[in-house]
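Please read the structure below before turning to the comments.
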């Protein structure tokens, strides 16, 4: 698939997206709300056959952003899907691990460090934090005080 | 870690037997066969992403080069490429060549290191001794170029910190010739050895569909027939300016992973030679004023696979968010696909075949879940792995 055909194929899911940006020739940024996130991930992984690279969770203080990074290796294009979780108090999103086994660890990591709930994750156990780390302390959140004694 | 089944377990960890860093594997065994595997990480989590948010953009390369001692050229390179993308900086051509040379020397020494360790695992001490001996001149060369055997700290936003020392061209080529000759001998010895064929072929197979689902990268993916390599797919540094090939094998077993790494060593030698021959003259860095708000990703092909960095800037001096992903983060979970169904004596080499990053001082124990009695410890497992090789050797 050529880069133009890739953009054309991504256009077929435009109705589920809130934004479509092509910053450089081989860097695409898609945005969506958390409800559509699972379906778009499914499209990228199963239809487009892009390689799941990693996900990044960002605490934006009023809301959360999760960036799912995919690489379309045929053209070297990196597709970043930004998923917005508007509820900062109780952030939740559908887990993509049943779809992509490679996402298991990173979802557990985001759960540990940012406190995001992944619904239907097959094995939501601690990965990064120690087993005796207190509940409700999320060290990568912006408001977390790193000098606090745990 | 919770115990899922009423089966004996092999507890391997929390420090890995032969490589760096700490991980914990819990292997469930039925007789001699592994039926499931659980992995626990982060005994040594250093919070690099959080620290990065408190450092200035130009200090972060020194931090990320400490993510991994062996991949200490590729992590800063991936980060720097992301920041350069945000700020729209194009480094001078000479800097691109210098980055390529350092990264390929890193790959050569890392692959030779792995070949030596793999030989050690299965009882080929000569391979271990030879390989590590041949690796030494590469480290000396890196020390001459960057001042350090590891943690080179040579890449910076906008180019490189240090130029190649004068007259290095004349020195590097004879060393490359020598390494190529020795590695040619070692490769032929490995590929022609019927015992190694019998010992490693069909062991720890990672099927192509599993490799896709677990999104593995680097030699682990290329040995399972997935022809991906960031250096070719999304060229950076000077990889699109020199001549080289991507090495792919279809089988997915330990032998295929060894072949990919051995052949890649020759490709890397070729890249360094071409880069030295074509090295343009000129400055090695451009001036960088400020990093505007924005976001970008940078990725580089480390010896173990793709290193991926995401950086977001809000216009200040420090990154607002910095995500780093090392290749082992996706390669290690693939053990769930490659170890299940294997014999205990093959597990060590299967776990080592993706070249994960851990350390040399671990204890491994097989514990009977009823009596809590230790059946196997690491020495016993090591002995089993070597006995199997010895048995094959005698049968031939």
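The values are calculated or read from the model by the stated rules, or taken from the named source; none is laboratory data. All values reported here derive from a predicted model rather than from experimental measurement. Cβ atoms come from the backbone with ideal geometry, glycine included; neighbour counts cover every protein chain shown.
Residue selection: residue B:211 fails the criterion of being touching a strand residue (DSSP E or B) at 6+ places or on another chain (Cβ under 7 Å) and within 11 Å of chain A (Cβ to nearest Cβ). Would you please name the residue that is farthest from the other protein chains (Cβ to nearest Cβ), looking only at residues in segment B:313-322 that are farther than 10 Å from residue B:292 by Cα and surrounded by fewer than 24 Cβ atoms within 10 Å (Cβ to Cβ)? The qualifying residue farthest from the other protein chains (Cβ to nearest Cβ) is B:318. Residues that are assigned to a helix (DSSP H, G or I), surrounded by fewer than 18 Cβ atoms within 10 Å (Cβ to Cβ) and touching a strand residue (DSSP E or B) at 6+ places or on another chain (Cβ under 9 Å) do not occur anywhere in segment B:220-228. Would you say residue A:96 is within 26 Å of residue B:217 (Cβ to Cβ), modelled with pLDDT of 95 or more, out of contact with any strand residue (DSSP E or B) (no Cβ under 6 Å at 6 or more places or on another chain) and more than 9 Å from chain B (Cβ to nearest Cβ)? Criteria met by residue A:96.
The residues of segment A:73-89 that are more than 9 Å from chain B (Cβ to nearest Cβ) and buried (at least 16 other Cβ atoms within 10 Å of the Cβ), listed by number, are A:79, A:81, A:82, A:83, A:84, A:85.
Just one residue in the set A:149, A:109 is under 17 Å from residue B:324 (Cβ atoms) and either within 9 Å of another protein chain (Cβ to nearest Cβ) or not in a strand (DSSP E or B) (or both); that residue is A:109. Restricting segment B:34-63 to residues that are at pLDDT below 90 and away from every other protein chain (no Cβ under 14 Å), the residue that is nearest to the chain's Cα centre (by Cα) is B:34. Applying the criterion of being in a loop (DSSP other than H, G, I, E, B) and farther than 22 Å from residue B:307 by Cα to the residues of segment A:23-72, the residue that is nearest to the other protein chains (Cβ to nearest Cβ) is A:60.
Among the residues of segment B:221-277, those that are closer than 21 Å to residue B:332 by Cα and within 14 Å of chain A (Cβ to nearest Cβ) comprise B:221, B:222, B:224, B:225, B:226, B:227, B:228, B:229, B:230, B:248.
Residues in segment A:59-72 that are touching a residue at least 40 places away in the same chain (Cβ under 8 Å) and touching a strand residue (DSSP E or B) at 6+ places or on another chain (Cβ under 8 Å): A:64, A:66, A:72.
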